[in-house]
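Have a look at the structure below, then the notes.
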Amino acid sequence: MDLKKLPDWKEMAKGVSRLTGHSPFYHLLDMFGCYVRYGSDEVQYGEGGLYRMDRAARKQTYTIRRCFALSAAFNPEENRHLCQRKEEFNRFFADYVRRPWIYCGDASESDIRAFIGAQSRIIVKDASAMRGSGIGELDLSAGLAETARRLAGQNFLLEGWIRQHPDLCIGGRSVNTVRITTVRERNGGVHLLKAVLRCGVGESIVDNFTTGGVVYPLDLLCGVIEDAGTRKHSVAEGPIEVHPGTDCRMVGLQLPFWPETLAMVRDAAARIPGLRFIGWDVAITPDGPELVEGNTRPGPGLLEYVGKKKGFYPEILSYL
């Protein structure tokens, strides 16, 4: 346990205590026991609901420690570059990445100027950052020529803004994406584990759970939101039925192009080389789905924190 995080553990224990009536000290001890036995952290204990699970359910829970171990087993380090390097991902899945993009690391100033001039809105990404970090809207306050000069040869990816399907324009500024987690057997069979919709809140341009977005569970078969959502630091807040800052009641929302989305993800999971356990981020546009990125370390939050189906650890383990 990282002692620097002890204040976070104490605050979580206090928050859970207000819900259960047990003392904060009781929950702090229980939290530490879950950390030792199952590899969870304070966030999963509270927001992931471990505090209300019995021992049998906790044994089946996909935790952060189990995430690291299984990701290493399914996705060897030497193969991860295809997902960790955003420009490599975009090139490999060119048929599923329709938005315009350019990698500044091997582009000239003139190429970058031409790209910027052709787009009305541009997202700049650190080409190797993950979990929604290193992403922002391109700032042209220094002027087009100076911006291009600064970006040329640097490890940044510029992408044209994804045009989101109107049915998914739910408040906020972000493009709201679907996360579908897949696991592939050694014989090539692809299994879909879970699907969720991530929606940004307020002025954030990213929809990630770790940056304040709300996550809603989807029925894998039909692509309908099947239950209320949750977001980070929402233990006391409870299930989120109305999207924050809007009057949108989310349960029952049908996502467009669902069969096409599942078919695309199945194909991507089947053909990506050397990687068998991936969290796929998908945007749905008026013309259909497109891939945003693949994550080689799918965290427990989007598998275990929301929805009716939980306890993914034995199932994932069975495909090793």
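For the pair Thr20 and Arg163, label points projected 7 Å from Cα toward Cβ lie 5.1 nm apart. The label-point distance for Ala56 and Ala94, in a model that sets each label 7 Å from Cα toward Cβ, rounds to 5.3 nm.
Near Cys104, within a Cβ-to-Cβ distance under 12 Å, what is the net charge of the other residues, with Lys and Arg +1 and Asp and Glu -1?
Details: positive: Lys86, Arg113, Lys125, Arg149, Arg150; negative: Glu87, Asp106, Glu109, Asp111, Asp126, Glu159.
Residues close to Cys104 contribute a combined charge of -1.
What is the Rg over Rh value, at two decimals, for the range 164-318, using alpha-carbon atoms and the Kirkwood definition of Rh? Don't jump to the answer; show the numbers that get you there.
Details: Rg = 14.9 Å, Rh = 15.7 Å.
Using only Cα positions, Rg/Rh for the range 164-318 is 0.95.
Between the beta carbons of Ala270 and Lys309, assuming R0 = 22 Å, the FRET efficiency works out to 0.45 to the nearest 0.05. Annotation for Gln154 and Glu78: the two label points, set 7 Å from Cα along the Cα-Cβ direction, are 3.4 nm apart. With viscosity 1.002 mPa s and temperature 20 °C, the Kirkwood radius over alpha carbon pairs of the range 3-59 converts through Stokes-Einstein to a diffusion coefficient of 195 µm²/s. For Phe156, the residues whose modelled amide H falls within less than 5 Å of its own, excluding neighbours fewer than 5 places apart on the same chain, are Cys104, Gly105, Ala127. Highest GNM mean-square fluctuation, the chain, Cα pairs closer than 10 Å: which of Val36, Val251, Val201? Comparing Val36, Val251, Val201 in the GNM, the peak value goes to Val36. Just report the Cα centroid separation between the range 215-256 and the range 147-168, whole Å. So the two Cα centres are separated by 28 Å. For the range 164-318, the relative contact order is 24 percent, taking Cα pairs closer than 8 Å that sit 6 or more residues apart in sequence and dividing their mean separation by the residue count. Taking amide hydrogens as placed 1.01 Å from N in the peptide plane, the amide H of Glu293 sits under 5 Å from those of Asp281, each at least 5 positions away in sequence or on another chain.
First check a/c for the range 122-164, with a ≥ b ≥ c the square roots of the eigenvalues of its C-alpha gyration tensor; if it is under 1.5, answer rounded, and if not, answer prolate when a/b is larger than b/c or oblate otherwise. It is oblate, given that a/c is not under 1.5 and a/b is not larger than b/c.
Mean separation of Cα pairs under 8 Å and 6 or more residues apart, divided by the residue count, gives the chain a relative contact order of 20 percent. Taking a straight Cα-Cα cut-off under 24 Å and skipping sequence neighbours fewer than 8 places away in the same chain, the lysines within cross-link reach of Lys232 are Lys4, Lys5, Lys10, Lys14, Lys59, Lys125, Lys194, Lys308, Lys309, Lys310.
Read the figures in this text as sums done on the coordinates, not as results from a lab. Because the structure is a prediction, the values reported are computed rather than measured. Cβ: placed from backbone, ideal geometry, glycine included. Neighbour counts: every protein chain shown.
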